[in-house]
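Here the structure is laid out as C-alpha cells; the discussion comes afterwards.
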Amino acid sequence: MHPHLLPIIALVLCLSVVGQAASTHVHRRGSLANARVQFERAKTGHVAFIGGSITEMNGYRPMVCDILRRRFPNTAFTFTAAGISSTCSTTGAFRLADHVLAKGPVDLLFVEFAVNDDQDAHHTRTECIRAMEGIVRHTRAHNPCADIVVTYFINPGILRTIQAGRTPLPIAAHHTVAEHYAIPTIHLAQEVADRIAAGTLTWKQFGGTHPAPHGNAICAAMIDELMTAEWAKPLAPNATKTPHPTPAKPLDPLHYARGRLVAPAQAQVNVGWTLGLPEWKKLKGACRGRFARDTVLSADKPGAKLTLDFTGTAVGAYILAGPDAGIVEARIDGGKPIPVDLYHHYSAGLHYPRTVMFAADLAPGPHTLTLRTTDRKNPRSTGNAARILYFVAN
C-alpha cells in the first residue's frame, strides 16, 4: 500500500465511526473556544500531543491532525508530536517545557497518560494528580488561553477494573484534575468497555493496548464529536480569546507546574561518572533508537558520586534503566541517605526510559542533591549501573 494513502484511509475509518450514535463518554467542560478563534481568525494554530507510545504511534494523533485540517482548511497548523513510549505523566510534566512549550504557545493540547500511569509507572493517586496538575498549570502559565483535552485509553487491566464496576486509579485521579480545571475529557476506556459489553466491539477489533486503526478511529471520532459540540454555532463577530481561570488553590501544592529537565553536565562529578555516549552494542538489553545518540551521565560500579545544586521542591532523574540497573543512594542537603531502586519490571531486555524521584516534598528554595551508586541491586538486576539522560527538578 502506498504510504500517502494511509492518512486518507485513516480519515475514512474515522468518519465512518463518526456516523455511529453519539457517545455518552465525551465529557464537555470549560471551553475550546480559544483554539477556534485562533484557527479561524489568525489562520494559524499550534496543536500539541503529549503522552506515551499511544501518542507516539501512528494512531489517534495523525487522525486528529487530519480532522483539524479538514475543519480548518485555510489554517496553517504546527503539530507537535511529544509522545515517548513507556513514559508516564511524571516524565511528561518534567519534559513538557522542552518538548512542547519551547516550540511556542500551545493553542490546543491533547494529553494521554492513563495507560502508562497504570501499567508502566504503577503510580499512586498522589503521583497521578501531582503530575497531571503540573502539566495543566504549566501549560496555562505559558499560555493562559491554551485549550486542553485529556483522553483515557485502555489496557487489559483497566478493562477488567471497569468490567468489575470500579474506576481505574489513574483515570479517577486524572478526572479529578480535569474537573478542578474544567477540562474536557474523552473516556475512551469506558466507551470501549461499554461496546464490548454490548457485543458491538471485541478487544481484538479494538486492537489491544496499542489500538488498531479501528480502535484509534473510535478515539478520533469521539474527539471530533467534542469539537462538533463545542463549535456548532458560527463564530461570533466579536469573539475573542479569553484566559482560562486557574483555581487559586491547587489540588496538590507540590504539583509539578515548574517541572523542568536539567542537563547532566550541570552536576559536579566527584568520582566514577562519565558523560558521553554509552557503548550500547556492548551492553546487554536493547536501546531504542531515539536515545541511541543521546549524551548520558553513566556509572556502572559502586561508589560513583556526584552533587547537583538545584532550586525547587522536587528532584529526580530521567534515566535509562537496563538489565544492569542498580540501587543508588540520594541525600538532600546532607540528610539521611534515600535508597532508590532504578531497575524497572521492563528492564530485563530494555534500557527502559523512566523518571525516578529522589525527593518530592522539599521546602521551596535552593538545595543540593548528592547521588552515589551502591553495591546493592534489585534481585533481578545484573549490576549496579545508573544512566542519566537528565536530572529533573520542580
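Between Asp98 and Ala198, with labels modelled 7 Å along Cα→Cβ, what's the label distance in nm to one decimal, could you check?
My value for the distance between the label points is 4.4 nm.
Using Cα atoms only, what is the angle between the long axis of helix 169-180 and the major principal axis of the chain, expressed in degrees (0 to 90) to the nearest 10?
Value to nearest ten degrees: 60.
Quick check: net charge around Arg166, other residues with Cβ under 14 Å of its Cβ, Lys/Arg +1 and Asp/Glu -1?
Here the count lands on +1.
Find the Rg to Rh ratio for the stretch 124-209, where Rh is the Kirkwood radius over alpha-carbon pairs and Rg uses the same atoms.
Rg/Rh: 1.04.
May I ask you to compute the full-extension gain from Asp333 to Val269, defined as 0.36 nm times their residue separation minus their alpha-carbon distance, rounded to one decimal in nm?
Values: separation 64, 0.36 × 64 = 23.04 nm, distance 1.64 nm.
Extra length from Asp333 to Val269 when fully extended: 21.4 nm.
How high is the relative contact order of the stretch 260-393, in percent, with contacts defined as C-alpha pairs under 8 Å that are six or more residues apart? Display every interim value, and only then the final one.
Numbers: 373 pairs, mean separation 49.3, N = 134.
That works out to 37 percent.
Could you grab the relative contact order for the stretch 270-326? Cα pairs under 8 Å, six or more apart, rounded to a whole percent. Display every interim value, and only then the final one.
Working: 47 pairs, mean separation 25.4, N = 57.
RCO, the stretch 270-326: 45 percent.
Exceeding 28 Å between C-alpha atoms, which entries from my cross-link table qualify? They are Lys281/Lys301; Lys43/Lys103; Lys281/Lys377; Lys204/Lys284; Lys43/Lys233; Lys103/Lys281. Each step should come with its number before you reach the end.
Details: Lys281/Lys301 19 Å; Lys43/Lys103 18 Å; Lys281/Lys377 23 Å; Lys204/Lys284 33 Å; Lys43/Lys233 19 Å; Lys103/Lys281 33 Å.
Pairs exceeding 28 Å: Lys204/Lys284; Lys103/Lys281.
What distance in nm separates the two pseudo spin-label positions at Arg380 and Ala236, each 7 Å out from Cα along the beta-carbon direction?
Each label point lies 7 Å from its Cα, and together they span 5.6 nm.
If you take the Cα Rg of the stretch 29-121 and divide it by 2.2 N^0.38 Å, with N the number of residues, what do you get?
Cα-based Rg divided by the globular estimate yields 1.11.
Count the net charge of all other residues whose Cβ sits under 15 Å from the Cβ of Leu235, scoring Lys and Arg as +1 and Asp and Glu as -1.
Counting the neighbours of Leu235, the net charge comes to +2.
Provide the packing ranking of 299-308, 84-93, i.e. peptides ordered by the mean count of other C-beta atoms within 10 Å per residue, highest first. Write out the running numbers ahead of the final one.
Numbers: 299-308: 18.2, 84-93: 26.5.
Ranked by mean Cβ neighbours within 10 Å, highest first: 84-93, 299-308.
7 Å from Cα along Cα→Cβ at both Arg71 and Asp309: what's the point-to-point distance in nm?
About 4.8 nm separates the two model spin labels.
How large is the dipole of the chain about the Cα centre if only Lys and Arg carry +1 and Asp and Glu carry -1, each at its Cβ, rounded to the nearest 20 debye? If you can, show how the numbers build up before the last one.
On the way: 40 positive and 29 negative charges, 82 e Å.
Its charge dipole is roughly 400 debye.
Can you give the helix-only mean residue ellipticity at 222 nm for the chain, where every DSSP H stretch with n ≥ 4 adds -39500 (n - 2.57) and the sum goes over all residues, rounded to the nearest 500 deg cm²/dmol?
-9000 deg cm²/dmol
Of all beta bridges DSSP finds with both residues in the chain, what is the antiparallel percent, to the nearest 5?
Antiparallel bridges make up about 65 percent of those DSSP assigns within the chain.
Using R₀ = 35 Å, calculate the FRET efficiency as 1/(1 + (r/R₀)^6) where r is the Cβ-Cβ separation of Lys282 and Thr124; round to 0.05.
Details: r = 37 Å, r/R0 = 1.06.
Approximately 0.40, to the nearest 0.05.
Every number in this text was worked out from the coordinates using simple rules, so none of it is lab data. For clarity, every value in this text was computed on a predicted model and none was experimentally measured. Cβ sites come from the backbone with ideal geometry, for glycine too, and all protein chains shown count toward neighbours.
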